[in-house]
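The values are calculated or read from the model by the stated rules, or taken from the named source; none is laboratory data. Everything quoted here is computed from the prediction, not taken from an experiment. Backbone-built Cβ (ideal geometry, glycine too); neighbour counts: all protein chains shown.
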Amino acid sequence: MTRKILIAALGGVLAVFAGLSFYRSRHLAEPVVPGPGLTRVATLGDYFAPIKGTINDANVYILEGPEPGGTVLLLGGTHPEEPAGRLASWIFAENAAISQGRLIVILSANRSASTATRVGGAYPPDFTIPTAWGGQTFRMGDRWSNPLDQWPDPEVYLHYPSRQELAYVDIRNLNRAFPGRPDGTLTERTCHAITELIRREKVAIAIDFHEAELQYPVISTIVAHEKGADLAAAASMFISSLEGFSIGVENSPKALRGLSHREIGDATDAISLLLEAPEPFLDATRGRTDRELLLTGRDEFVVRAGRRGLLFEKIDEKGWPIDVRVGRHTSTVLQILEIWSGDHPDRAVVVTGVPRYTEVVEKGRGRSSRTPNRWTRPSSITSSRGKARFRSGRLLPAPGEPDDGQDDGQPQQDAQDQGGRLFARYRLVERGG
Ligand SMILES: [Zn+2]
């Protein structure tokens, strides 16, 4: 009897510690240093009210230039366990200065999935990237929305509106639920909100950041809707000759439903593109699945699989470091923007300040990030472009700087003159669940 009570008590203690660990991971704040181009932060719920207040009511960062032009959407975190995608979107939100047009950046397209982990996958809960102001920790996440937010899965998942039958678990996969269903599951409603955003903001190009295992044939490539085939082909050509790496082009298959590159292009006026970088962490033949593998992309078992001809991308002892994967994404987007803007001067999106592949690889993703001078908690900030409301972002005191009590929501006196630079003084926080 005593033994049973002891075992039960021990179980209780373990459950408390495990629960705390899950709670902390789900509520981990992921800071964002608003970059010079940022003029407004909306949330997905502003485009589709039923998402408001849910875990997937993600921040939408709107970066605007003084000259009117086109609008390009960057989607990070469609699959959070492909971290180069989230980090690349972070780089754009934190660094991009815009002289023409608009960039809209979502860092966590499926925030629910960023709070889950792969059952049986032994994934680390998070990983840390060094930055000039200390390490920044990001949730690792999983491919599918958290079952805490959407459950149970059906026996059969029929994609809406095509009615194509997909794997049942993919009803929680954001990249199998586009263009979305207004009265559907959380994942389908999130896709619908993103599609609504694309329509309402008249997005010209939607770019969805991903990574793939080396055993997957669609890798190191731009997957392009037919509307974007020429743009992707030109980008691939320029990248291969100018950026220091090669990237291919794949046509978005018409018969495969639910994917962003197919459905966004079909359902809206936007060109839809999806970028794949190599991530050995996802390979089934990988060895120890830890933070080091995630960040270095080095794994002797994946290398051995390559020697046996089982992979669609090369790999050696150097692996595929996170900086290389992130840099591929930033350079690919910059080339796409430059080609698009050259061909469409009235719908141009002209971006500076974002590090390209060689710079990201040389300096590391972290050091290219902006350094905040101070953290505070204003409810609104005035910039030279008018009022910017940070409705969903929570602002916190900066590391090493005491919360000096001036967090009264009042903008700095010189806000009008500083314009966009003002934002470097603040850190937004991507909330957890
Ligand atoms: Zn993916």
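Of the numbered criteria (1) hydroxyl-bearing (S, T, Y); (2) within 16 Å of the ligand (Cβ to nearest atom); (3) outside any helix (DSSP H, G or I), the one T71 fails is (2). Taking segment 78-103 as the range and being crowded, with 24+ Cβ neighbours inside 10 Å and either among the aliphatic types (A, V, I, L, M) or farther than 24 Å from D283 by Cβ (or both) as the test, the residues that pass are A84, L87, A88, W90, I91, F92, A93, E94, A96, I98, G101, L103.
Check whether at least one residue in segment 116-138 is buried (at least 24 other Cβ atoms within 10 Å of the Cβ), farther than 24 Å from H344 by Cβ and within 16 Å of the ligand (Cβ to nearest atom), and report yes or no. If you could, list the steps in order and put the result at the bottom.
Taking segment 116-138 as the starting set, the residues that turn out to be buried (at least 24 other Cβ atoms within 10 Å of the Cβ) are 116.
Still in the running and farther than 24 Å from H344 by Cβ: 116.
Now restrict to residues that are within 16 Å of the ligand (Cβ to nearest atom): 116.
Yes, segment 116-138 has at least one match.
Of everything listed in (1) part of a loop (DSSP other than H, G, I, E, B); (2) within 16 Å of the ligand (Cβ to nearest atom), the single unmet condition for L87 is (1).
Within segment 336-365, being of a type in the set (A, V, I, L, M), under 20 Å from the mean Cα position of the chain (by Cα) and assigned to a helix (DSSP H, G or I) holds for I336, L337, V360, V361.
Of the helices (runs of 4 or more DSSP H) lying entirely inside segment 181-300, those containing at least 2 residues that are among the β-branched types (V, I, T), within 16 Å of the ligand (Cβ to nearest atom) and under 26 Å from L166 (Cβ atoms) are 186-200.
Looking only at segment 168-223, filter to residues that are of a type in the set (S, T, Y) and more than 19 Å from G45 (Cα to Cα); which one of those is surrounded by the most Cβ atoms within 10 Å (Cβ to Cβ)?
Taking segment 168-223 first, the residues of a type in the set (S, T, Y) are 168, 185, 187, 190, 195, 216, 220-221.
Next, only the ones that are more than 19 Å from G45 (Cα to Cα) stay: 168, 216, 220-221.
Values: Y168: 13, Y216: 16, S220: 20, T221: 22.
So the residue we want is T221.
Residues G45, G53: which one is surrounded by 10 or more Cβ atoms within 10 Å (Cβ to Cβ), over 16 Å from the mean Cα position of the chain (by Cα) and at positive phi? Give the steps one after another, and end with the answer.
Details: G45 fails: at positive phi.
Checking each option against the conditions leaves just G53.
Of all residues in segment 337-387, those being at pLDDT below 90, over 23 Å from I129 (Cα atoms) and surrounded by fewer than 21 Cβ atoms within 10 Å (Cβ to Cβ) number 10. Within this structure, L75 passes the test of being within 20 Å of S145 (Cα to Cα) and buried (at least 23 other Cβ atoms within 10 Å of the Cβ).
Looking only at segment 287-308, residues that are surrounded by fewer than 22 Cβ atoms within 10 Å (Cβ to Cβ) and without any contact (Cβ under 8 Å) to a residue 60 or more places away in the chain come to 12 in all. When you look at G35, is it of a type outside the set (F, W, Y), surrounded by fewer than 23 Cβ atoms within 10 Å (Cβ to Cβ) and over 12 Å from the mean Cα position of the chain (by Cα), yes or no? Considered against the rule, which asks whether it is of a type outside the set (F, W, Y), surrounded by fewer than 23 Cβ atoms within 10 Å (Cβ to Cβ) and over 12 Å from the mean Cα position of the chain (by Cα), G35 comes out as no.
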